Amino acid sequence: MDLTNKTILITGATDGIGKVLAEEFSKLGSNIILLGKNSSKLDKVYDQLENSFDSQKHLILEADLSLLNNESAHEILRAISNEYDALDGIIHNAAILGTMTPLEDYELSKWDEVLNINLRAPFLLTKTLKSIVENSTMPRIIFTSSGVANTGRAFWGAYSVSKFGLKGLAEIFTNELETTSSIKVFNFDPGATQTKMRASARPAEDPSSLKTPHELVNCYLWFFSRESCDSKVNYFEYDDLAKKVTST
Ligand code: NDP
């Protein structure tokens, strides 16, 4: 798989899974567009990206996805278009957990923040960036699911609802685009992974019992492979995809 000079936007690229994907994809020659809300964390990740391939160039987009609107989404499109002719992939990775409380106690402002970051922003970014993604020869859009996207579980509140919604969003985009566009849409549940989000969801858990974000990299690479062009499935869970990737 040749990722040289592929341009990939990663939301939530300043920590956890997104940060590792940015670093690893840059080592393979991709141009990384880092989207995050914290400028000093963005600068630090940017400084760690590999930049050793000809014409490889990375870009920082500072944006708080809880506040994204039509205007700021179009600013993002302009910033990307000024630097690149095509966007080969979007990895919609940014999310927050919100609070782990019963629904009757859930603060409305937190509910809105979670839904804005985890669901509304991926919708608005996909819709706004679709035109430049279509300039790619092998375009990909990857949404990030979760184990609480399929069955409602007490106390997972807005986070769970946002991931249910994202499942619907990914399915609708898949269905709408499969006959009209070359964009392949995937929805991936990375499963329990050693990050700060997982630690706040399960504070009693021993993090060393979990896989690291690095163990996810081959799965994400598969989404950018030729093999995935023929996939009739749009939703994958880590265990299944990891097996598929190691057997090919
Ligand atoms: P982390 O909390 O480690 O990282 C989340 C990233 O999203 C950070 O870079 C964070 O920025 C960014 N982010 C948060 N809020 C905003 C915002 N308002 N605007 C822009 N960026 C923002 O999470 P993970 O790496 O664990 O999670 C990555 C994805 O994987 C998420 O979609 C999550 O739901 C999913 N997932 C994770 C699992 C796990 O076990 N870790 C399991 C299943 C799914 P900052 O650094 O500034 O906080």
Margin query: Residue under question is Glu215, and the condition is that it be within 13 Å of the ligand (Cβ to nearest atom), at pLDDT 95 or above and more than 19 Å from the chain's Cα centre (by Cα); does it hold?
Written below: no
Picked from the stretch 55-78 (must be within 15 Å of the ligand (Cβ to nearest atom) and assigned to a helix (DSSP H, G or I)), the residue surrounded by the fewest Cβ atoms within 10 Å (Cβ to Cβ) is Leu67
Checked against (1) within 16 Å of the ligand (Cβ to nearest atom); (2) at negative phi; (3) part of a loop (DSSP other than H, G, I, E, B), Gly98 satisfies every condition except (2)
Of Asn187, Asn218, Asn234, Asn175, the only residue that is surrounded by 16 or more Cβ atoms within 10 Å (Cβ to Cβ) and farther than 25 Å from Asp112 by Cα is Asn234
- Query: Is there a residue being among the aliphatic types (A, V, I, L, M) and surrounded by fewer than 15 Cβ atoms within 10 Å (Cβ to Cβ) anywhere in the stretch 101-108?
  - Reply: yes
Across the stretch 112-166, the tally of residues that are open to solvent by 10 Å² or more (accessible area, probe 1.4 Å), within 9 Å of the ligand (Cβ to nearest atom) and over 28 Å from Ser182 (Cα atoms) stands at 3
Exactly one of Leu49, Leu9 is touching an Asp or Glu at 6+ places or on another chain (Cβ under 8 Å), open to solvent by less than 20 Å² (accessible area, probe 1.4 Å), in contact (Cβ under 8 Å) with a residue 24 or more places away in the chain and under 30 Å from Ser228 (Cα atoms), and that one is Leu49
Among Lys37, Lys41, Lys19, the single one that is open to solvent by 20 Å² or more (accessible area, probe 1.4 Å), within 16 Å of Ile142 (Cα to Cα) and either among the hydroxyl-bearing types (Ser, Thr, Tyr) or within 13 Å of the ligand (Cβ to nearest atom) (or both) is Lys19
query = On the given criteria, is Phe143 among the aromatic types (Phe, Trp, Tyr) and farther than 21 Å from Arg202 by Cα?
reply = yes
Inside the stretch 172-212, the number of residues satisfying the requirement of being more than 12 Å from the ligand (Cβ to nearest atom) and of a type in the set (Lys, Arg) is 1
* Ile91 being at pLDDT 95 or above, touching a Phe, Trp or Tyr at 6+ places or on another chain (Cβ under 8 Å) and surrounded by fewer than 20 Cβ atoms within 10 Å (Cβ to Cβ) -> no
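The values are calculated or read from the model by the stated rules, or taken from the named source; none is laboratory data. The structure displayed is predicted, hence computed values, not measured ones. Glycine gets a Cβ as well: all are built from the backbone with ideal geometry, and neighbour counts include every protein chain shown. Ligands, DNA and RNA are excluded from the accessible area calculation, which covers all protein heavy atoms including side chains. Shrake-Rupley method; radii C 1.70, N 1.55, O 1.52, S 1.80 Å.
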